[in-house]
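Structure record follows, encoded as structure tokens.
The values are calculated or read from the model by the stated rules, or taken from the named source; none is laboratory data. Only a predicted model underlies this, so the values are computations on that prediction, with no experimental measurement involved. Virtual Cβ from ideal backbone geometry, glycine too; neighbours counted across all protein chains shown.
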Amino acid sequence: MRVNHYVMVFCLIFGILANIYVIVKLNIGTNLFEYLQKIQMSNIQRDTLPKCEIDTDNLLNFIENRHFLELEEKEKRKIPKNHEKTLQTMLFAFPTAGLGNKLFEIISLLGIAETLQRTPVINATNSDYINVLLKNIQPIFPKLVEGFDLKIIPPTTVIHKQTNWGACCRFDDPKKFENLSETHLMLDGHYFQSFKYFHHIRPKIIEILAPSKLTAVRAEILLPTKYRNDFIICTHIRRGDFQYDGVHQPSDATFTRSATDFLVDYYKKSRRRVTVVVLGNDIHFAKTVFEDRTENHTFLQKATTNAYNYSIPETSPKYTAVLTPTLTPEIDLAFSRLFCDVTLITAPSSTFGWWLSYLSKRKSQTYYRDITESRDGVR
């Protein structure tokens, strides 16, 4: 009887397993049948549907590269950046100077900090600095302000080193301070008006000084559509306080016209259409100098008088001079970036004229009056 009991249990278990096997086989068979049907349909539609081919080599390379990039990024996070060492400069002309001088000081601070591997810092307790940043720099170049740390650093913890002292425009190599171990460094110097302080980070400068979309649109409006495909020579004029300060040489009428005519003659040999655009801060001076080459300008509300000891040249190449109203400096910078194939600096010590050229179109050419042959007192 016991044997019969075991036989019955075995038969029951075997029956259950057999049923499970049949069900599984049926499901597999159904799925396999559906899969074969899909293959058959894909073969039928192969000629009508677009092929999807995967480049396995490129896919594997992409996955591998991404993997290594992720590993590299993780390693970077593990390595602490040296934010302890800081750099400040006097920002001597920052509170009262024009935009050109401000840009030289603040961009030079960026460049020197990069050279010395220090964090560029602006003293957060100096109200003049903060006001300039908020009112004059941030609205125009928000990315520029993001490049600095605003910190309160106790004066007793800062070491001072003198450099670029007594001369605005001479390069005093900051690499001599590379091995200083002190945490907080202040460079006592004036103006820092040399491209050598920051030219090694020029791509970064071009990016952070890019105009806003609104400024770019306003700049584009300055040039009539019919001239936008022309080769554009941008003549920059700087007068204003240069006429009275006893140091700077303002734009001279005779030089401005002669140099512009020379450039038009030169580039007309290789360009079909050449147009001159006059930028700067004295529209009536520009109207006098280019009177025979300008169109009517409604923003000139009063008649101009020739008070510049200047007369229209008897011989001059044919071209149109487009005069631009004095709006804001950032619009002129944006215009230069969009349109200027050539820039002419007529006031040799104009820092704004320098930036106008430095930020002009890629592969543009710059011409300027030799400061040594003028009566300019800046050296």
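Restricting to the stretch 148-172, name every residue that is out of contact with any helix residue (DSSP H, G or I) (no Cβ under 6 Å at 6 or more places or on another chain) and closer than 17 Å to residue 104 by Cβ. Matches in the stretch 148-172: 148, 163, 164, 165, 166, 167, 168, 169, 170, 172.
Report whether or not residue 364 is over 18 Å from residue 240 (Cβ atoms), surrounded by 18 or more Cβ atoms within 10 Å (Cβ to Cβ), in the same structural domain as residue 232 (by TED's automatic domain parsing) and in contact with a Leu (Cβ under 6 Å, 6 or more places away or on another chain). In short, no. Criterion applied to 218, 228, 257, 238 was being within 21 Å of residue 143 (Cβ to Cβ) and not assigned by TED's automatic domain parsing to the domain that holds residue 167, and the one residue passing it is 218. Of all the numbered requirements in (1) buried (at least 18 other Cβ atoms within 10 Å of the Cβ); (2) at pLDDT 95 or above; (3) within 30 Å of residue 270 (Cα to Cα); (4) not basic (Lys, Arg), residue 203 misses one, and that requirement is (1). Residues of the stretch 94-105 include at least one that is under 20 Å from residue 328 (Cα atoms), among the small types (Gly, Ala, Ser) and either assigned to a loop (DSSP other than H, G, I, E, B) or in contact with an Asp or Glu (Cβ under 6 Å, 6 or more places away or on another chain) (or both). Within the stretch 155-193, the set of residues being β-branched (Val, Ile, Thr) and surrounded by 14 or more Cβ atoms within 10 Å (Cβ to Cβ) comprises 158, 163. Tell me yes or no: at least one residue of the stretch 146-160 is in contact with a strand residue (DSSP E or B) (Cβ under 8 Å, 6 or more places away or on another chain), under 19 Å from residue 86 (Cα atoms) and of a type in the set (Gly, Ala, Ser). There is at least one residue in the stretch 146-160 that is in contact with a strand residue (DSSP E or B) (Cβ under 8 Å, 6 or more places away or on another chain), under 19 Å from residue 86 (Cα atoms) and of a type in the set (Gly, Ala, Ser). For residue 138, the conditions (1) out of contact with any strand residue (DSSP E or B) (no Cβ under 6 Å at 6 or more places or on another chain); (2) loosely packed, with under 14 Cβ neighbours inside 10 Å are fulfilled apart from (2).
Please count how many residues of the stretch 206-242 are within 26 Å of residue 374 (Cα to Cα) and surrounded by 15 or more Cβ atoms within 10 Å (Cβ to Cβ). Lay out the reasoning, then the answer.
Going through the stretch 206-242, the residues within 26 Å of residue 374 (Cα to Cα) turn out to be 233-242.
Pick out the ones that are also surrounded by 15 or more Cβ atoms within 10 Å (Cβ to Cβ) and you get 233-240, 242.
Of the residues in the stretch 206-242, 9 are within 26 Å of residue 374 (Cα to Cα) and surrounded by 15 or more Cβ atoms within 10 Å (Cβ to Cβ).
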